[in-house]
1. Just from the alpha-carbon atoms, what are the Rg and Dmax of chain A in angstroms?
2. Work the Kirkwood hydrodynamic radius out for region B:61-136: mean of 1/r over every pair of different alpha-carbon atoms, inverted, in Å.
3. With angles folded into 0 to 90 degrees, how steeply does helix A:65-80 sit against the dominant principal axis of chain A? Use alpha carbons for both and round to 10.
4. May I ask you to work out the translational diffusion coefficient for region B:52-193 at 4 °C, viscosity 1.567 mPa s, via Stokes-Einstein with Rh from the Kirkwood sum over Cα pairs, reported in whole µm²/s?
5. Copy-to-copy spacing for B:Trp23, label 7 Å out on the Cα-to-C-beta vector, in nm, shortest first?
6. Could you list log10 I(q)/I(0) for region A:265-345 at q = 0.18, 0.20, 0.22 Å⁻¹, which the Debye formula gives when each Cα is one point scatterer?
7. Which Cα, out of A:Leu177, A:Ala139, A:Tyr165, lies furthest along the positive dipole direction of region A:133-185 (beta carbon charges, K/R +1, D/E -1)?
8. Using the crude model of +1 on Lys and Arg Cβ and -1 on Asp and Glu Cβ, and no other charge, please compute the dipole size for region A:50-121 relative to its Cα centre, in debye to 20.
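The values are calculated or read from the model by the stated rules, or taken from the named source; none is laboratory data. What you are looking at is a predicted structure, and each value in this text was computed from that prediction instead of being measured. Positions of Cβ are generated from backbone atoms using ideal geometry, with glycine treated the same way; all protein chains shown enter the neighbour counts. Note: accessible area is taken over every heavy atom of the protein model, side chains too, but ligands, DNA and RNA are not part of it. Shrake-Rupley method; radii C 1.70, N 1.55, O 1.52, S 1.80 Å.
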Protein chains: 2
Amino acid sequence: MITVYSDAHLQHTGLKEMDGNGWREAVESPERASNVIRVIRERLLGEVIKPKSFADNKLLRIHDADYLQFLQSAWNEWVAQGNTADNARPFAFVGAGMRHADGRSIHSRLGRYSFDADSPIVAGSWNAIRSSAEVALTAAELIISGEDRAFAACRPPGHHATANYCGGYCYLNNAALAAQSLRDSGMRRIAIVDVDYHHGNGTQTLFYRRSDILTVSLHADPADEYPYFLGFSDELGEGDGEGKNLNFPMPFSTDWKTYSGALQQGLTQVSAFAPDAIVVPLGLDTFTDDPIANFALQQDDYLRMGEMISALQVPVLAVLEGGYSVDHIGDNCANFLEGLEMGGV
Amino acid sequence: MITVYSDAHLQHTGLKEMDGNGWREAVESPERASNVIRVIRERLLGEVIKPKSFADNKLLRIHDADYLQFLQSAWNEWVAQGNTADNARPFAFVGAGMRHADGRSIHSRLGRYSFDADSPIVAGSWNAIRSSAEVALTAAELIISGEDRAFAACRPPGHHATANYCGGYCYLNNAALAAQSLRDSGMRRIAIVDVDYHHGNGTQTLFYRRSDILTVSLHADPADEYPYFLGFSDELGEGDGEGKNLNFPMPFSTDWKTYSGALQQGLTQVSAFAPDAIVVPLGLDTFTDDPIANFALQQDDYLRMGEMISALQVPVLAVLEGGYSVDHIGDNCANFLEGLEMGGV
């Protein structure tokens, strides 16, 4: 399987965040993607190639023009307006009854285009963000050109981002861009199977009214876990998308037995949808030792997860999302990819 | 003029916040209200009395029951769920297309009931918040009982809070509670004249569809300044409230000449409304040396501001809101109150 990867993500570094225990270094670190690539190379999982460049119109298939402009200029605006903190981050958001107003202040723009305070922007962020999207788009082109498996080693991740706001360490929705690119190539139905520990709220929102893209997400119950305000089981799609969104919220401590049952249910729906390709937002934060998550999957479970998806006999594009156990993310990811190679079209 | 004040606000202390220059002690400090009271006593502006107690039904006239329950229990939930930071604060919010979902996690509940990350809750917050509301309600009863002037030395402030979310250091909307109490006493029309540097988004939202309460706010243009997403001049009220909301957004560096012109326009509308009483959310952060604001009012200007409002010959209840120059807030506040006493009914 070919992996697409770019070192540009290293420029998105020095990130900080707040949690219930205070102010700290962000867990979404460059070492995550670097370790994934190191293990893929060590385990000889296949060629690692660099992404191609893509014009803005590819990004505009999913994201709004004003949002792209914001992401590109936010750091320079932050500095130009006299802010000295080394992470640009919002503190005020668009509350209920408020307006998505077009402000001059970078604090206004950060709040308008974010739904959380923990998706900071630093000097090198835009290069990394754009490159991450191009990694996913390049991997999609591999599938379009006939590969039956491809892996986009994206960083920053993407599945929490919508058309016009970032959150959860995500800025552009890499998996959604890839899915749309597959559609634009002539494929008629795409299934997205999001196995990140956190609900893929951005992806759900983007495709909620579409019948051509089935979105399935397995994740921690949002009543307990981020993103808190989307990802419940009664969210089934709307309009043309009615019945084309499936959420499997699960309790803390979920292990492979429970998880695999939900995954099998989701995959049965995917199979009935008869997709031309599957995109897997691949989070490894379901791992038992993940520092910010509370599921209990073991290392070998990722092999089985890959095998189950592979058994559908449909082309699969895996897109790296979360996973914060830096010591284990590489092996867990490689296990999944090995499982994915066991089947194949 | 009688001032209502409670030391309970001292329990809302040790607050921290984030701004463009990093993580720091919050400017919304106990010293603010303490200095206001010290100067009022030094300048012999009148009796300082303690607030009465009020039953929950007085708070429920403005705020939702679930929100009150949240404010009351948030700190204990924060601790019980293993969070060790000394300020409970949200990091994730309800983005566009998300649900105001009822979560078990305190992180979910903080995000659902807030629109910014800088309105922290500490162990003593609820006592201070409730007491601040009772200060305003007690002052309202002075007006109801025939006083023509009263001052509620509230802390924490209130004008950014809506029925069900906090923000901008505000939790319960003290001025709105007072205005509603005046209405409930039989007064038919109440005007609110918000002179805080920041738009009173909570008050506007609460009364936006009501014809019995005219809301006027003079403030920094939200395109440049917090709260960013409300407070523009085209927000005129809706339904029964059409024409009963007036915003005067002004640019950075606004001085008394510009400010007093806008205030006179607002007061002309207030006069035409023929209110039975006026509530003034009194922020002193329009002061030239305020550390987080950018207007240029001088100390004597607050005397004139009080005089202009006093000249309407209507009972006036002033409610303390923002103002972060601890060294000057007391004198600026006392100047306003002295101006207010010059006229009178």
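1. Here Rg and the maximum Cα pair distance are 18.5, 55 Å.
2. Details: mean 1/r = 0.0765 Å⁻¹.
Evaluated over region B:61-136, this radius sits at 13.1 Å.
3. 50 degrees
4. Numbers: Rh = 15.8 Å.
For these conditions, the coefficient is 82 µm²/s.
5. 0.5
6. Each listed q corresponds, in turn, to -0.72, -0.86, -0.99.
7. About the Cα centre, the residue reaching furthest to the positive side is A:Tyr165.
8. Values: 9 positive and 8 negative charges, 49 e Å.
It works out to roughly 240 debye.
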